[in-house]
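Enquirer: Pasting a structure below so you can have a look.
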Amino acid sequence: MKPILADLLHLLELERIEDNIFRGESRDLGGNRVFGGQVLGQALSAASYTAGAREVHSLHAYFLLPGDVNAPIVYEVDIARDGKSFSTRRVVAIQHGRPIFNMAASFQSPEQGLEHAVPMPHVPPPEGLADVREVAPEILAKVPDKMRRFVTHERPFEVRPVEPVHLISPPPQEPRRHIWLKAIDKLPDNADLHRNLLAYISDYQLVATATLPHGVHFAEGNVQLASLDHAMWFHRPFRVDDWLLYSMESPSASGGRGLAFGRFFTRDGRLVASTAQEGVVRVWK
C-alpha cells in the first residue's frame, strides 16, 4: 500500500487507553488546524470500536473549536443505548482539556426493507478528467504559498473534479459541484474502515460549494471557511477504493454561514451515502 494511504489508515486506528477512551494523532495538511474530516473519521472509528457487529447508519456532529495539529486528540465514547436493533453512541473529542468536537452516531443490525433512491447526475466519467493537483505552473505561481501547498500536497485519494477549478478570478457559477474520488490503492475488506474513510473525505470541499455563486477569490487570502456541523447517512455498501461520485449543492448562504448537501454514488449509479453541512463563510473586506 502506498505510504500516504497507509498513514491515513494508521490515523484512523486509534490507541485504546481505557475501555471507551481512545487517542489519535493528527497530520498537518498545509493549514494551522486539524482537517475536520480527520476528527470526523477518528470519532466514527472510536464509536465503531464499541458497537460490535452493528453498522453505523447516521451521525450528527458539531465542530466546537479548531484542532491543534501538534497535540493528540482524546475521544471519549458514551454507550448511550443498546436496543434490540439499534445502538446509540456519543463521542466527545478533547484537546488541552477542552472539548473541540462532539458527535452522536446510530448503529443498526443489518436488515432488509423497502428500496428506492434518486438517480445519479449525468456527468462525464473519471477517465479523461484531471486530478485536482494537476495545475498549470503559471497558475500556481500566482497563488499564495499556503494555497499552493494545499493544492499540490500528496493525498491518499485521487480527486478529479468534473467542473473546472478556478484558482484565479473564479466566475460566479451555479452552487453545485461534482467530484470523482477514490483511494489511491487497494484497501482491506473491512466495511467499517470504508465508512470511516468516507466520513474523512466527506468534509472535502462541501461547505465551499456555498461560495460558488459569488465568485469568491480564495487567492486573496481574505476568506474564512470553517465547518460548524456535519451530518451523514449511510444507505448501502460501497468501497472507497472504487470510484465514487460526490455530488454537492448549496441551497442557501446567509448570516455569515453557508449550507451544503452532498450525495455519494457508485460508478454504476447506486446512492450509497448522503451528507449535510453548515459552515462559517466570511469574506473580509
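Any read-out appearing in this document is the output of simple, stated calculations on the displayed coordinates, not a laboratory observation. These numbers were taken from a predicted model, which means no experiment stands behind them. Here Cβ is always computed from backbone atoms with ideal geometry, including for glycine, and neighbour counts include all displayed protein chains.
Enquirer: Please compute the modelled spin-label separation between Ser252 and Ser169, points set 7 Å along Cα→Cβ, answer in nm with one decimal.
Expert: 3.5
Enquirer: Just check segment 25-149 against the gyration tensor rule for me: Cα atoms, a ≥ b ≥ c as the square roots of the eigenvalues, rounded for a/c under 1.5, and otherwise prolate or oblate depending on whether a/b exceeds b/c.
Expert: Cα axes put segment 25-149 in the oblate bin.
Enquirer: At what distance in angstrom do the alpha carbon centres of segment 183-210 and segment 269-284 lie from each other?
Expert: 14
Enquirer: Over the Cα atoms of segment 131-237, how large are the radius of gyration and the largest Cα-Cα distance (Dmax), in Å?
Expert: Using the Cα atoms of segment 131-237, the pair Rg, Dmax is 15.5, 43 Å.
Enquirer: Turning to a different aspect of this structure: For a footprinting-style exposure proxy, rank Asp189, Asp7, Asp241 by other Cβ within 10 Å, fewest first.
Expert: Asp189, Asp7, Asp241
Enquirer: Rank these for me by crowding, Ile168, Ile184, going from fewest to most other beta carbons within 10 Å.
Expert: Exposure proxy ranking, most exposed first: Ile168, Ile184.
Enquirer: Debye calculation, C-alpha points only, no solvent: report log10 I(q)/I(0) for segment 242-285 at q = 0.20, 0.30 Å⁻¹, in the same order as the q values.
Expert: Log10 I(q)/I(0), no solvent term: -0.66, -0.99.
Enquirer: Would you order His60, His153 from fewest to most other beta-carbon atoms within 10 Å of each residue's own beta-carbon?
Expert: On the way: His60 15, His153 12.
The most exposed by this proxy come first: His153, His60.
Enquirer: I've got another one for you. For Lys182, list the aspartates and glutamates whose Cα falls under 15 Å from its own Cα; do not include residues on the same chain fewer than 8 positions away.
Expert: Glu127, Asp131, Glu154, Glu158, Asp203, Asp241, Asp242, Asp268
Enquirer: Efficiency by 1/(1 + (r/R0)^6): what FRET value for Leu29 and Lys84, r their Cβ-Cβ distance, R0 = 35 Å, to the nearest 0.05?
Expert: FRET efficiency, Leu29 to Lys84: 0.25.
Enquirer: Moving to a separate point now. Between beta-carbons, use under 14 Å as the cut-off and find the net charge around Lys2, counting Lys and Arg +1, Asp and Glu -1.
Expert: Computed value for this residue: -2.
Enquirer: Count charges around Trp180 for me, please; just the other residues with Cβ under 12 Å from its Cβ, Lys/Arg as +1, Asp/Glu as -1.
Expert: On the way: positive: Arg160, Arg177, Lys182, Arg267; negative: Glu127, Asp131, Glu158, Glu163, Asp242.
That sum, taken over residues with Cβ under 12 Å, equals -1.
Enquirer: For Trp233 and Glu220, compute 0.36 nm times the residue count separating them, minus their Cα-Cα distance, and round to one decimal in nm.
Expert: Length difference between fully extended and current span is 1.2 nm.
Enquirer: Moving to a separate point now. Working from the pairwise distances between different alpha carbons, so that the mean of 1/r is found and then inverted, what is segment 1-92's Kirkwood radius in Å?
Expert: 14.1
Enquirer: Sticking with this one: Using each residue's phi in segment 202-209, evaluate 6.51 cos²θ - 1.76 cosθ + 1.60 at θ = phi - 60° and report the 3J(HN,Hα) Karplus result to the nearest Hz, with x for Gly and Pro.
Expert: 5, 7, 6, 6, 5, 6, 5, 4
Enquirer: Summing Lys, Arg as +1 and Asp, Glu as -1, what charge do residues with Cβ under 9 Å from the Cβ of Val91 carry, Val91 excluded?
Expert: 0
Enquirer: Let me ask you something else. Tell me, in nm to one decimal, what length is gained between Val123 and Glu111 on full extension, where the rule is 0.36 nm per residue of separation less the Cα-Cα distance?
Expert: Here the segment from Val123 to Glu111 would lengthen by 1.1 nm.
Enquirer: Can you list residues from other chains, or at least 5 along the same chain, whose modelled amide H is less than 5 Å from the amide H of Asp241?
Expert: Ala183
Enquirer: Still on this structure, I have one more. Search the structure for amide H atoms under 5 Å from the amide H of Asp68, placed 1.01 Å from N in the peptide plane, and list their residues when 5 or more places away or on another chain.
Expert: Val34
Enquirer: Simple spin-label model, 7 Å along Cα-to-Cβ: Asp185 to Ile21 in nm?
Expert: According to this spin-label approximation, the distance is 3.4 nm.
Enquirer: Follow-up. Starting at the first residue of segment 44-59, write each ³J(HN,Hα) from the Karplus equation 6.51 cos²θ - 1.76 cosθ + 1.60 with θ = phi - 60°, in whole Hz, x for Gly and Pro.
Expert: 5, 4, 4, 5, 5, 4, 9, 9, x, 7, 6, 10, 5, 10, 7, 8
Enquirer: Rounded to the nearest angstrom and ordered from largest down, what semi-axes does the equivalent ellipsoid of segment 101-178 get from its C-alpha gyration tensor (root of 5λ)?
Expert: Each semi-axis is √(5λ); the values are 34, 19, 14 Å.
Enquirer: Further question: Which one, Asn102, Asn196, Asn70, has the greatest fluctuation when you compute a Gaussian network model over the chain with C-alpha springs under 10 angstrom?
Expert: Judging by the Gaussian network model, the answer is Asn70.
Enquirer: What list of ³J(HN,Hα) values in whole Hz, one per residue of segment 257-263 in order, does the Karplus curve 6.51 cos²θ - 1.76 cosθ + 1.60 (θ = phi - 60°) give from phi, with Gly and Pro shown as x?
Expert: So the J values, rounded to whole Hz, are 10, x, 10, 9, 10, x, 9.
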